[in-house]
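S.K.: The structure follows.
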Amino acid sequence: MNNILDTGIKNARNVGRYIFGSGSVAELTDLVQERKGNTPGAAVFLVDSFFETNMDYLENLPLEKSDLIRYVSIDEEPTTESIDSLVEEIASEVVMPSVIVGIGGGITLDTAKAVSNLLTNGGKAADYQGWDLVRVPGVYKIGIPTLSGTGAEATRTCVMTNKTTGLKLGMNSDYTVFDQLILDPTLTATVPSDQYFFSGMDAWIHCVESLAGGYRNPIGDAFSTQAIELCRQVFVGGEMMSDDHRAKLMVSSYLGGCAIATSYVGVVHPFSAGLSVVLGLHHCVANCVTMTCMESFYPNAYEEFMLFVEKNEINIPQGVCSGLTDEQFEDLYRATVIHEKPLTNALGPGFRGVLTQDKVREIFEAM
Ligand code: ZN
């Protein structure tokens, strides 16, 4: 086993508790009350800005006078700067909160995790980008995903881009894991279908990459295998957004998050990260754009992906790299090969021999 792929995780940490089922979001009131009984303080609700004008399911948020609600912009993925300014804002309005509730997609859930850690640990978000740098537990955090696929509800990281260093890296820590989840598939009914597909594919891609990698572990494999099976049922089994399929995709997302927590992704995510860092594409759509050019690395998965796209009549953006300058292609190359661990997982320690600058450019040019 190559050293670079040792996750360092000897004692895996999963989410503390979860409630699953249609309508389970109603349990939030009791959970927040119970928390306030244990540790007095305000509740801070961080809610996806999508719901600012679309609060049907969330009308009954257990919001009291002293509580705080902030809408998290989903225009841009979290940056260390955006997290720092949100933490500052919250700290100026409430003394240490009793609980943080994140309601939304991956961006919002990751934001809730980062804010929770920073409120108790102090310092700046950039100080904790890496592995096991968070020193003490964050504020008790409840996650309620309203989009399925990223696995953000299950993982021990919260991805942030540091615009100064160009580093897209989260706070990988046991303390980043949610204490409580509410997995309510009714919350994903209003997701636009493209978004639903792109995010769902993130779970599938995580698991495809992890099963094709050199670093494996039996529990991660079992999570991945089942998550992939559920995705197949959702994306080739008729109406992908039926009640039954939305429930299955929510489970797949959670399992995919558990899988990736103790393994690594492969070639897709580094290229996708390049598209996000250099061109600002969102993670899940960037993954799908990348997938259209992955036939040589993952021939079977490529075929299945194209079937999913066709069956669900999805348009994957094309020409995203047309007309870029040489400098931008160089930036894309650097932002891709910087992800040594997943690339080593997929291609071995000699990955730079496969992903030469010319080869990487050729792949991006085809997107
Ligand atoms: Zn992903």
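S.K.: Let's test the formula: R0 of 51 Å, r as the Cβ-Cβ distance of Ala26 and Ile219. What FRET efficiency results, to the nearest 0.05?
M.R.: 0.95
S.K.: Can you give the angle from 0 to 90° between the axis of helix 106-121 and the longest principal axis of the chain, with both taken from C-alpha atoms, to the nearest 10?
M.R.: In the chain, helix 106-121 runs at an angle near 60 degrees to the longest axis.
S.K.: Continuing with the same structure: Provide the net charge surrounding Glu239, with neighbours chosen by a C-beta distance below 13 Å and charges set as Lys +1, Arg +1, Asp -1, Glu -1.
M.R.: Taking every other residue near Glu239 into account, the sum is 0.
S.K.: Relative to the longest principal axis of the C-alpha atoms of the chain, give the angle of the C-alpha long axis of helix 299-311, reported between 0 and 90° and rounded to the nearest 10°.
M.R.: 60
S.K.: What percent do you get for the relative contact order of the range 1-112 when only Cα pairs under 8 Å and 6+ apart count?
M.R.: 34
S.K.: Would you kindly derive the ³J(HN,Hα) couplings of the range 189-196 from the backbone phi angles with the Karplus curve 6.51 cos²θ - 1.76 cosθ + 1.60 (θ = phi - 60°), listing them in order in whole Hz, with x for Gly and Pro?
M.R.: These are the phi-based 3J(HN,Hα) values: 5, 9, 5, x, 5, 4, 4, 4 Hz.
S.K.: Output the pairs from Lys36/Lys248; Lys124/Lys248; Lys113/Lys163; Lys113/Lys311; Lys65/Lys113; Lys113/Lys359 with a Cα-Cα distance over 26 Å in this structure; if there are none, say none.
M.R.: Among Lys36/Lys248; Lys124/Lys248; Lys113/Lys163; Lys113/Lys311; Lys65/Lys113; Lys113/Lys359, the Cα-Cα distance tops 26 Å for Lys36/Lys248; Lys124/Lys248; Lys113/Lys311; Lys113/Lys359.
S.K.: Note the full-extension length gain between Leu307 and Ser66 as 0.36 nm times their separation in residues minus their Cα-Cα distance, in nm to one decimal.
M.R.: The Leu307-Ser66 span can extend by a further 81.7 nm.
S.K.: Express the relative contact order of the chain as a whole percentage, based on alpha carbon pairs under 8 Å and six or more residues apart in sequence.
M.R.: RCO, the chain: 16 percent.
S.K.: Same structure again: Residue-wise, which Karplus ³J(HN,Hα) couplings in Hz belong to the range 166-182, taking 6.51 cos²θ - 1.76 cosθ + 1.60, θ = phi - 60°, and x for glycine or proline?
M.R.: After applying 6.51 cos²θ - 1.76 cosθ + 1.60, I find x, 7, 9, 8, x, 8, 7, 7, 4, 6, 7, 5, 4, 7, 8, 10, 10 Hz.
S.K.: Right, next: Give, in nm to one decimal, the length gained when the segment between Thr53 and Ile19 is fully stretched (0.36 nm per residue of separation minus the Cα-Cα distance).
M.R.: Extra length available between Thr53 and Ile19 comes to 9.6 nm.
S.K.: Give the shape of the range 51-124 as rounded, prolate or oblate, defined through the alpha-carbon gyration tensor: a ≥ b ≥ c are the square roots of its eigenvalues, a/c under 1.5 means rounded, and otherwise the shape is prolate if a/b is larger than b/c and oblate if not.
M.R.: The shape class here is oblate.
S.K.: Quote the charge dipole size of the range 243-367 about the Cα centre in Debye, to the nearest 20; the model charges only the Cβ of Lys and Arg (+1) and of Asp and Glu (-1).
M.R.: It comes to approximately 400 debye.
S.K.: Now for a different question. Counting other beta carbons within 10 Å of each Cβ, put Thr79, Thr108, Thr164 in order, fewest first.
M.R.: If I rank by nearby Cβ atoms, fewest first, I get Thr164, Thr79, Thr108.
S.K.: As a footprinting exposure proxy, order Ser85, Ser66 by other Cβ within 10 Å, with the fewest listed first.
M.R.: Going from least to most buried by this count: Ser85, Ser66.
S.K.: Can I ask one more? Might you report the magnitude of the Cβ-based charge dipole of the range 1-119 about its Cα centre, with Lys and Arg at +1 and Asp and Glu at -1, to the nearest 20 debye?
M.R.: Around 680 debye, computed over the range 1-119.
S.K.: Which listed residue (Asn117, Phe50, Ser66) has the Cα farthest towards the positive end of the charge dipole for the chain, taking +1 on Lys and Arg C-beta and -1 on Asp and Glu C-beta about the Cα centre?
M.R.: Final value for the positive-end residue is Asn117.
S.K.: If you rank Cys293, Cys207 by fewest surrounding Cβ atoms within 10 Å, what's the result?
M.R.: Going from least to most buried by this count: Cys293, Cys207.
S.K.: A further question on this structure: Out of residues 5 or more away from Leu181 or on other chains, whose amide H comes under 5 Å of its own, with H placed 1.01 Å from N in the peptide plane?
M.R.: Arg17, Tyr18, Ile19, Gly143
S.K.: Which of rounded, prolate or oblate describes the range 243-306 when judged by the alpha-carbon gyration tensor and an a/c cut-off of 1.5?
M.R.: Note, shape of the range 243-306 comes out prolate.
S.K.: So, one more: In the neighborhood of Ile142, defined by Cβ-to-Cβ distances under 9 Å, what is the net charge if each Lys or Arg adds +1 and each Asp or Glu adds -1?
M.R.: Value of the local net charge: +1.
S.K.: Continuing with this model, one more query. So for the chain: antiparallel DSSP bridges make up what percent, rounded to the nearest 5?
M.R.: Of those bridges, close to 10 percent are antiparallel.
S.K.: Net charge within 12 Å of Glu310 by Cβ-Cβ distance, Lys/Arg positive one each and Asp/Glu negative one each, not counting Glu310 itself?
M.R.: That sum, taken over residues with Cβ under 12 Å, equals -2.
S.K.: Tell me the GluC sites (Glu not before Pro) within the range 30-138 that lie in a loop according to DSSP and have at most 15 other beta-carbon atoms within 10 Å.
M.R.: For GluC sites (Glu not before Pro) across the range 30-138 that sit outside H, G, I, E and B with at most 15 neighbouring Cβ atoms in 10 Å, the list reads Glu59, Glu64, Glu76.
S.K.: Any idea what the relative contact order of the range 233-367 is, in percent, if you count C-alpha pairs under 8 Å spaced at least 6 apart?
M.R.: Once divided by the residue count of the range 233-367, the mean separation gives 31 percent.
S.K.: Using Cα centres only, tell me the gap between the range 295-321 and the range 203-250 in whole Å.
M.R.: What the calculation gives is 16 Å, centre to centre.
S.K.: With a cut-off of at most 16 other beta carbons within 10 Å, and DSSP calling the residue loop, which GluC sites (Glu not before Pro) in the range 266-367 qualify? Please list them.
M.R.: Glu295, Glu313
S.K.: While we're looking at this one, here's another question. To the nearest 10 degrees, how steep is helix 28-38 against the longest Cα principal axis of the chain, on a 0 to 90 scale?
M.R.: Around 60 degrees separate the two axes.
S.K.: Given H placed 1.01 Å from N in the peptide plane, which residues other than close sequence neighbours of Leu167 have an amide H under 5 Å from its amide H?
M.R.: Asn162
S.K.: Against the empirical 2.2 N^0.38 Å scaling, what ratio does the C-alpha Rg of the chain come to?
M.R.: 0.95
No value in this document is a laboratory result; all are computed from the given coordinates. Here the structure is a predicted model, which means the values were calculated and not measured. Glycine also receives a Cβ, built like all others from the backbone with ideal geometry; neighbour counts cover every protein chain displayed.
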